[in-house]
Amino acid sequence: MKVFVTGGAGYIGSVCTELLCDAGHEVTVYDNLSQGHRAAVDLRARFILGRPEQPGDIAAAMAAARPEAVLHFAGDILVGESMREPGKYFRNNVGCGLEFLDAAWRCGVRKFVFSSTAATYGLPEQTPIPEDAPQRPVNPYGEAKLMFERMLQWYHRLHGLEFVAFRYFNAAGATDRFGEAHRTETHLIPNVLKVPLGQRPHVEVFGTDYPTPDGTCVRDYIHVVDLARAHILALQPGCCGFYNLGNGNGYSVREVIRACERVTGRAIPAVEKPRRPGDPPRLVASADKARRELGWQPRFPGLEAIVASAWAWHQKHPQGYGD
Ligand code: UFG
């Protein structure tokens, strides 16, 4: 299949591109490298250095590639930043996203797969969270992703464009080749691993007074390879709708730090800090729908396997992609 991957130089996009190429798909990556890395793009994929701010750039790139499917990973991802610069999130994640969606429909694309997020649920009333739980985002990042979900539904209803929107929980881990390297790193596992890498003296724990068993936030960590595999399953004709992607297991910040200590064999000092604004205490997915309807089955559901793959990658790439 001819697949157009936006944000294919980013963390999840790069892993998905690798798996698509492995599966024999013909991949075009469109990325402006504002957050992605050229070295993270599989050499088997065609690369387009996008200029999404230039009128017509997205439509022209898509028309030239003539894809059957679009996987839309591009977007800004920092919850905290979205609270300071909401306009950036609405401009890039909604405005620019609409350019991709509209271009896809106009080019006759059959399937549009979108990276949505657990952040669309806001502060959930129950866990595990099913797809039909109320969506009340508590930050512009989640709000922008929810707005895009709604646009997808209208394009489906009015233009017949088939879509799958995956609500990711906490992506982590790496393949042998591609891993997590953000220029501004806010995510827990890469930050914890900076300690055994000798790049930080300790990890900061944001909040120890949450209503959780050990007082720290609980998250559902999912291996990036399992996320990517779900995207490939989403290309099957007929499947359409919203799917959570998580393992259904919650781990606290302290449990993640202990798993990193076991995997790396090093002590990882932790310093307690105040809560990070906007962090829900507990986010755990019910991914039964993806299992049932897409036939998705996570291969790496355990936290240690996820951390071990991340540790292997960071040891080989202590400076990330070096750019
Ligand atoms: N944390 C720390 N110290 C750190 C980094 C994080 O204690 O150095 C804590 C956070 O406060 C949070 C937990 O670790 O309680 C997980 O934080 P992450 O930043 O790794 O992940 P989030 O759960 O905040 O966010 C991630 C994605 C979002 C997505 C969200 C949905 O980054 O894009 O999952 O669950 F919206």
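The values are calculated or read from the model by the stated rules, or taken from the named source; none is laboratory data. Keep in mind that what you see is a predicted model, and the values were worked out from it rather than measured. Methodologically, a virtual Cβ is constructed for each residue, glycine included, from the backbone with ideal geometry; neighbour enumeration extends over all protein chains shown. Just the protein is used for accessible areas: all its heavy atoms, side chains included, with ligands, DNA and RNA removed. Shrake-Rupley method; radii C 1.70, N 1.55, O 1.52, S 1.80 Å.
Return the pairs, sorted by first residue and then second, in which the second residue is at pLDDT below 95, the first residue lies in the range 37-60 and is in a loop (DSSP other than H, G, I, E, B), the beta carbons are less than 6 Å apart, and the residues are 6+ apart or on different chains.
That search, which allows pairs on different chains as well, returns His37/Asp323.
Please enumerate the residues belonging to the range 239-287 that are within 12 Å of the ligand (Cβ to nearest atom), in contact with a helix residue (DSSP H, G or I) (Cβ under 9 Å, 6 or more places away or on another chain) and not hydrophobic (A, V, I, L, M, F, W, C).
Asn244, Gly246, Tyr251, Glu255, Arg276, Pro277, Gly278, Asp279, Pro280
So is Arg219 touching a residue at least 12 places away in the same chain (Cβ under 8 Å), within 12 Å of the ligand (Cβ to nearest atom) and among the basic types (Lys, Arg) or not?
yes
Is it the case that Val94 is within 16 Å of the ligand (Cβ to nearest atom), open to solvent by 10 Å² or more (accessible area, probe 1.4 Å) and at pLDDT 95 or above?
When the stated conditions are applied, Val94 passes them.
Please find, among Arg51, Arg38, the residue that is modelled with pLDDT of 95 or more, surrounded by fewer than 24 Cβ atoms within 10 Å (Cβ to Cβ) and under 20 Å from the mean Cα position of the chain (by Cα).
Result: Arg38 is the single residue among Arg51, Arg38 that is modelled with pLDDT of 95 or more, surrounded by fewer than 24 Cβ atoms within 10 Å (Cβ to Cβ) and under 20 Å from the mean Cα position of the chain (by Cα).
Quick one: count up the residues across the range 106-150 that are buried (at least 17 other Cβ atoms within 10 Å of the Cβ) and either within 21 Å of Cys239 (Cβ to Cβ) or not small (Gly, Ala, Ser) (or both).
Here the count works out to 30.
Restricting the search to the range 155-165, which residues are in contact with a strand residue (DSSP E or B) (Cβ under 9 Å, 6 or more places away or on another chain) and surrounded by fewer than 23 Cβ atoms within 10 Å (Cβ to Cβ)?
Tyr155, His156, Leu161, Glu162 - these are the residues of the range 155-165 that are in contact with a strand residue (DSSP E or B) (Cβ under 9 Å, 6 or more places away or on another chain) and surrounded by fewer than 23 Cβ atoms within 10 Å (Cβ to Cβ).
Identify the single condition in (1) touching a residue at least 24 places away in the same chain (Cβ under 8 Å); (2) under 15 Å from the mean Cα position of the chain (by Cα); (3) open to solvent by 10 Å² or more (accessible area, probe 1.4 Å) that Glu185 does not satisfy, given that it satisfies every other one.
It is condition (1) that Glu185 fails.
Restricting attention to the range 45-96, report how many residues are of a type in the set (Ser, Thr, Tyr) and at positive phi.
0
Only one of (1) surrounded by fewer than 19 Cβ atoms within 10 Å (Cβ to Cβ); (2) touching a residue at least 12 places away in the same chain (Cβ under 8 Å); (3) under 23 Å from Gly265 (Cβ atoms) fails for Gly179. Which number is that?
With respect to (1) surrounded by fewer than 19 Cβ atoms within 10 Å (Cβ to Cβ); (2) touching a residue at least 12 places away in the same chain (Cβ under 8 Å); (3) under 23 Å from Gly265 (Cβ atoms), Gly179 is out only on (1).
Would you check if there is a residue in the range 140-159 being part of a loop (DSSP other than H, G, I, E, B) and touching a residue at least 12 places away in the same chain (Cβ under 8 Å)?
no
Would you mind finding the one in Thr6, Thr28 that is in contact with a Leu (Cβ under 9 Å, 6 or more places away or on another chain) and either under 17 Å from Gly108 (Cα atoms) or modelled with pLDDT of 95 or more (or both)?
Thr6
Taking the range 82-137 as the search range and keeping residues that are in a helix (DSSP H, G or I) and of a type in the set (Lys, Arg), which one is farthest from Gly250 (Cα to Cα)?
Out of the qualifying residues, it is Arg106.
Assess whether Ile306 counts as being part of a helix (DSSP H, G or I) and surrounded by 14 or more Cβ atoms within 10 Å (Cβ to Cβ).
Considered against the rule, which asks whether it is part of a helix (DSSP H, G or I) and surrounded by 14 or more Cβ atoms within 10 Å (Cβ to Cβ), Ile306 comes out as yes.
Got a sec? Which of Gly198, Gly238 is at pLDDT below 95 and assigned to a loop (DSSP other than H, G, I, E, B)?
Gly238
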